[in-house]
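Worksheet for the structure shown next.
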Amino acid sequence: MATKAIHAVGKRKTSIARVYLKPGKGKITINKRDIEDYYLRATSKMVVRQPLELTGNVGKYDILVNVMGGGLSGQAGAIRHALSRALSELDPEYRKVLKAEGLITRDSRKKERKMYGQKSARARFQFSKR
């Protein structure tokens with residue numbers, strides 16, 4: 001009997017991650033590269049693995065990730081969001097744990113756009129009365 005892979009999508013800033021979860025030995029592949037090759041920073045690897053550690057599923061599933069847009073940090077957040085959604089779909093008990101840590105909620109913060117008549121999104125041109 002073939003087990004079906006669980007699919008979920010996660011977003012963060014301008015990054016979009018598609019995660020496919022299937023039973024295996026715990027190999028994480030991001031854009032056809034191993035996680036060790038894709039992320040050099042330990043914090044990014046920790047962010048990606050956080051949902052697995054919270055639910056106690058480290059080494060139980062092979063994870064295939066397609067991620068695009070944004071930078072490496074935003075991509076790590078998108079992967080974490082997608083992985084959390086996939087795990088909550090797998091077992092409803094995991095949802096409570098992940099929700100308590102704030103991993104199910106989509107972080108909707110984005111870069112503010114530059115407005116006309118202003119220097120940038122927040123900065124203004126210097127004001128002078130005369």
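Structural remarks
- Restricting segment 89-125 to residues that are touching a Lys or Arg at 6+ places or on another chain (Cβ under 8 Å) and of a type in the set (Gly, Ala, Ser), the residue that is nearest to residue 57 (Cα to Cα): 121
- Filter result (closer than 19 Å to residue 41 by Cα and charged (D, E, K, R)) within segment 55-93: 80
- Within segment 73-115, the only residue that satisfies the criterion of being in a loop (DSSP other than H, G, I, E, B), of a type in the set (A, V, I, L, M) and touching a residue at least 24 places away in the same chain (Cβ under 8 Å) is 103.
To keep it simple, each residue is scored yes or no on (1) more than 13 Å from the chain's Cα centre (by Cα); (2) among the hydrophobic types (A, V, I, L, M, F, W, C); (3) more than 22 Å from residue 12 (Cα to Cα).
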residue	(1), (2), (3)
24	yes, no, yes
33	yes, no, no
38	yes, no, no
41	yes, no, no
47	no, yes, no
59	yes, no, yes
70	no, no, no
85	no, no, no
129	yes, no, yes
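- Selection within segment 1-57: residues that are exposed (fewer than 13 other Cβ atoms within 10 Å of the Cβ) and of a type in the set (Lys, Arg). The member of this set that is nearest to residue 111 (Cα to Cα) is 41.
Where a number appears in this text, it was derived from the coordinates with a stated rule and is not lab data. Everything quoted here is computed from the prediction, not taken from an experiment. In this analysis, Cβ positions are derived from the backbone assuming ideal geometry, glycine residues included, and neighbour counts consider all displayed protein chains.
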